[in-house]
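Written out below as structure tokens is the structure these notes cover.
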Amino acid sequence: MKRTLFAFLSLVVTAIIVAGGYLYSKQPTRQGMVQLQGLHGSVTVRYDERGVPHIRAENETDLYRALGYVHAQDRLFQMEMMRRLARGELAEVLGPKLLDTDKLMRSLRIRERAATYVTEQDPQSPAWLAMQAYLDGINSYQDSHTRPLEFDVLGIPKRPFTTEDTVSITGYMAYSFAAAFRTEPLLTYVRDQLGADYLNIFDLDWQPLGVLAKGGKSALPLAAADWKDLNALARLSEQALADHGLPQFEGSNAWALAGSRTHSGKPLLAGDPHIRFSTPSVWYEAHLSAPAFELYGQYQALMPFATLGMNKDFGWSITMFQNDDLDLIAEKVNPDNPEQVWYRGQWVDMTRSEQQIAVKGQAPVTLVLRQSPHGPIVNDVLGANAGKTPIAMWWGFLESRNPILEAFYQLNRADTLAKARGASAKIHAPGLNVVWANAKGDIGWWAAAQLPKRPAGVKPGFILDGSSPEAEKEGFYPFSSNPQEENPARGYIISANFQPVPASGIEIPGYYNLPDRGQQLNLQLSDKQAKWDIETSQKLQLGTTTAYGPRLLAPLLPVLREVVSDPQERKWVEQLAQWQGDYPLDSTSATLFNQFLFDLADAALRDELGDGFFNTALSTRVIDAALPRLAAAADSPWWDDRSTLGTQTRADTVKKAWSKSLAHLKATLGDDATQWQWGKAHTLTHGHPLGLQKPLDRIFNVGPFAAPGTHEVPNNLSAKIGPAPWPVTYGPSTRRIIDFADPAHSVTINPVGQSGVPFDKHYEDQAEAYIEGVYHQAHLVEEEVMANTRATLKLLPARAAP
């Protein structure tokens, strides 16, 4: 027995040693010397206490090659998954369940546009040379190191990263902004199948603080199979963006304050882009220094230029413009030839091509792609289940030159208003608000996008008729027509995804967020007596109050007082009446309201929309405007339940929703309402692609954490409208505040950690600080970089082979 026990223990120890050695071989190297192919001189990489690399090189080419190398050793798996998502290659490593996603992404023609884009570039331009050096650094790391743990688990082979991969990811980013796939089928269904009375709640008029342009009058000849087709396409679009632990761009806050509004007398810049949470997080922080160039920035996977950045002279943040640059177009098919559509007065052939999609564990699948003169036919991805009407997609990303990489190369160096404006003008798709400030005292904002000229009266919030001129485009407006401000007299600029007011007066269709969040920020920033600094800006960024809840409840409180008779329930109604719309962790009113919001929507809308379109509606931005308008419309036809006899009133539906809400909360959180605390029902877990599969979630995911905030508050930790509990899906992807009186003491935070390597010490070391609202200093000056260096990696030119 002793010999057997000794042998068993020896095996256990050996297994632990082998496993430890295996995991150690996957960890980043942050200390020592490494030879790197292609370097012209040595590069020093100093890692601070959060694992942020501070890279110093003697020339920019070496600088970007080193950035690629260190970015890869922390985020190679993220890079691999992002390029596969963008190019429709996930099924090759994740299996048949990702086949539909691959089909959708390929139907967008991102791969083809990326290939064309590369041929159009000047290979000797500084931006292109920098990108090539960055990719060389990534490939040098990949070639010289063992595969990441996830590569081994999934059987992912190594292959070089290319410029086409980088451009493809810009296409994915542009698509993740495009809400048309989910919204246009929904609004068109309501207009054509339910009628104008049902469309009223969606607030489609263009107005200074409105949301969307009003819909057209004519109905499209779509059959029942086509509506099923369109909803399936909408759900597939949502799935492709939401279900794979990869980032999706959702919203954002940013503001810039002139020196007249700050304690220091210098401009202050704050920003927190709202992006779907994931492990690793979307941003990789790095500090780059070379002669005549320095930048502390946040970088995306496979992107050599910072999307967010700053130095002692200037800085910028971004928010999502939310302009509509994607139209869905129903084509009229020739009854004698299904491969022809009516275009400009004649029948025109659609083009056809085929692609092979590799699928793990089974034979490749052939995808047939068709294209009309208006653009790719996107519902072909549904195969035999597709309806008879081809739905084409016109998308600005495919139609514009879009020198976005050159734009960010220049923005990384834009120390004047003129340079920042010029760089922003080169951003065509996706639409971005660039909010910028410098130490000299300037602040500026540019809504950056190429805005299409649509025929007068066309309302692109609905599916357009391809047989009529309404689907045509007349080119693009000049950048000078875009919404923008420079050094406004009021002394501040706010960008929070609400509908902007263009200087040119043109309507800009889009899927904008409600004005509530921007109004909440403006309420405080407009106080002429207030002088802002980093500390007060942190409190504003972490705010958890919105007027949305009280605004929606106001017309319903008299109804609730009439239909609720139970004394305890009446107390809860009065509790909601006193609620100010705040979402701290201990709030029970927030929990009660959020559940009631879902049950109200469910009781009022599901019977008309059906399960499919109802679930689609909950994933759109237009639902946010619809529900308060519905609550205030006592005679809306939505209140009647079509599944029952008789006619139901608002009071009937409100009573039903209230009862269902209380029953669900009791069943989910217990009978004691004092335990219905927001932080128990509203939690954040940073999901990893492999964490979708139990028990791997315990290894790769980070969380859950009790989460304050909610949708459309400054601390925009958002969950989808639904029944409790509410897993947070997106929110501030970083928080940054820069006071240009002392930019060396700017603050920032990563939601999870710098590293995407499991078991690395920087994999999740910022997660608790983030959810608690803690900020960390970003080290810029040499003395502080040295004082906070925890490890130093020296990259040396590779010696030539003898």
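Here, each number is a calculation from the coordinates, and none is a lab measurement. Remember, predicted model here, so these are calculated numbers, not experimental data. Methodologically, a virtual Cβ is constructed for each residue, glycine included, from the backbone with ideal geometry; neighbour enumeration extends over all protein chains shown.
Numbers below:
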quantity	calculated
13 Å Cα-Cα reach of K761 towards aspartates and glutamates, excluding residues that sit fewer than 8 places from it in its own chain	D48, E49, D74
FRET E, pair S144, S42, Förster distance 25 Å, beta-carbon r, rounded to 0.05	0.90
Whole-angstrom gap from the stretch 355-422 to the stretch 711-738, using each part's C-alpha centre	28 Å
Antiparallel bridges, percent of DSSP beta bridges restricted to the chain (to nearest 5)	85 percent
Exposure proxy order (Cβ contacts within 10 Å, fewest to most) of M33, M82	M33, M82
Cross-link pairs beyond the 26 Å C-alpha cut-off, checked among K388/K459; K332/K459; K97/K720; K666/K720; K656/K694; K426/K720	K656/K694; K426/K720
Inter-centroid distance (Cα atoms) of the stretch 60-109 relative to the stretch 562-590, Å	47 Å
Selection from S289, P335, Q346 lying farthest towards where the dipole of the stretch 287-402 points positive, charges on Cβ	S289
Tensor-based shape of the stretch 449-570 (alpha-carbon gyration tensor, a/c under 1.5 rounded, otherwise prolate or oblate)	oblate
Value of relative contact order over the stretch 366-442, rounded to a whole percent, pairs C-alpha under 8 Å and six or more apart	22 percent
Whole-number percent relative contact order across the chain, with pairs defined as alpha carbons under 8 Å at least 6 apart	19 percent
Kirkwood Rh and Cα Rg combined as Rg/Rh, the stretch 282-413	1.16
Mean projection area, nm², convex hull over Cα of the stretch 599-672	5.7 nm²
Rg ratio (alpha-carbon, reference 2.2 N^0.38 Å) - the stretch 613-750	1.40
Sorted by Cβ neighbour density within 10 Å, fewest at the top, the residues L411, L692, L149	L692, L149, L411
Calculated semi-axes √(5λ) of the Cα gyration tensor in Å (choose from [x] 50, 35, 24; [y] 41, 32, 30; [z] 99, 40, 21), label	[y]
Value of [θ]222 nm, deg cm²/dmol, for the chain, DSSP H segments ≥ 4, -39500 (n - 2.57) each, nearest 500	-11000 deg cm²/dmol
With 5 Å bins from 0: P(r) over the stretch 378-531, alpha-carbon pairs, percent	2, 8, 14, 17, 17, 14, 11, 7, 5, 3, 2, 1, 0
Value of Rg/Rh across the stretch 700-741 [Cα atoms, Kirkwood radius]	1.10
Whichever aspartates and glutamates have a C-alpha closer than 19 Å to that of K360, once near sequence neighbours (fewer than 8 apart) are set aside	E80, E89, E92, D100, D102, E150, D152, D243
Ranking of L230, L99 by count of other Cβ atoms within 10 Å, fewest first	L99, L230
Using alpha-carbon coordinates, inclination of helix 650-669 to the longest axis of the chain, degrees	40 degrees
Highest-first arrangement of 549-562, 168-181, 486-499, where packing means the average Cβ count within 10 Å	168-181, 486-499, 549-562
Mean separation of Cα contacts under 8 Å, 6 or more apart, over the residue count of the stretch 1-158: relative contact order %	26 percent
Percentage, to the nearest whole number, of Cα pairs in the stretch 528-655 over 24 Å apart	39 percent
Degrees between helix 224-242 axis and first principal axis of the chain (Cα, 0 to 90, nearest 10)	30 degrees
Point-charge dipole on Cβ atoms (K/R +1, D/E -1) for the chain, about Cα centre, debye to 20	1080 debye
